[in-house]
Structures are given as C-alpha cells and as structure tokens.
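Below is one structure, written out as structure tokens, with a few remarks after it.
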Amino acid sequence: MSATGSYLVTGMTCEHCERSVQEEVAELEGVLEVHADHRTGQLTVLSSAPLDQTAVAAAVAEAGYSLA
C-alpha cells in the first residue's frame, strides 16, 4: 500500500529549486516518487507509508526552503 502526501513549499522560484527539494525529500525512508512545482509551490510525495510531516519539513529545510 502506498500513501500520497501533498505539501506547500515557500521560496521555490526555478527548476533548480525543484530539483533541490526533490533530491532532499527523496532521501527520506519509504519515498517512492517526488514531484515539486516551483510555479505553484506544490510538493507531491508518493511513499510506501504515510510520512511524518516533521521529517518532510526538515528535508525541505535542508534544501533551503520551508513548508507553508
């Protein structure tokens, strides 16, 4: 069974921003797919189980951004 999480990220302005966020979030245990869109600020994560929002926020912060 998989879970999809949707988050709003502030500060992304370009494709490089998207890649930075995607790379950090992809390192979380259980993450299967990650898609970030700088135009909408939307971050969608497909994982094998629901993710802890604190862990997602920490990964996004590691990339230099924050959850709204």
- Message: Please rank M12, M1, fewest neighbouring Cβ atoms within 10 Å first, as an exposure proxy.
- Response: M1, M12
- Query: Label point 7 Å out from E15 along Cα-to-Cβ: which residues of region 25-42 have amide N under 18 Å?
  - Reply: 34-42
- Item | Hz values of 3J(HN,Hα) by residue in region 43-55 - Karplus curve (6.51, -1.76, 1.60), Gly and Pro given as x | 10, 10, 10, 9, 9, 6, 8, x, 8, 6, 4, 5, 5
- Item | Principal axis dimensions, the chain - Cα atoms, whole angstrom, descending | 33, 18, 18
- Between A61 and A26, what is the label-to-label distance in nm when each label sits 7 Å out along the Cα-to-Cβ direction? 2.3 nm
- Ignoring the sites themselves, what is the longest stretch of the chain with no GluC sites (Glu not before Pro) in a DSSP loop and at most 13 other beta-carbon atoms within 10 Å? 30-68
- Query: At 222 nm, what helix-only mean residue ellipticity would the chain give, in deg cm²/dmol to the nearest 500, using -39500 (n - 2.57) for each DSSP H run of four or more?
  - Reply: -10000 deg cm²/dmol
- Using a cut-off of 14 Å between beta-carbons, work out the net charge of the residues near E24 (Lys and Arg +1, Asp and Glu -1, E24 not included). -4
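Every number in this text was worked out from the coordinates using simple rules, so none of it is lab data. Predicted, not measured: the structure shown is a model, and the values here were computed from it. Using ideal geometry, Cβ is built from the backbone for each residue, glycine included, and neighbour counts are taken over all protein chains shown.
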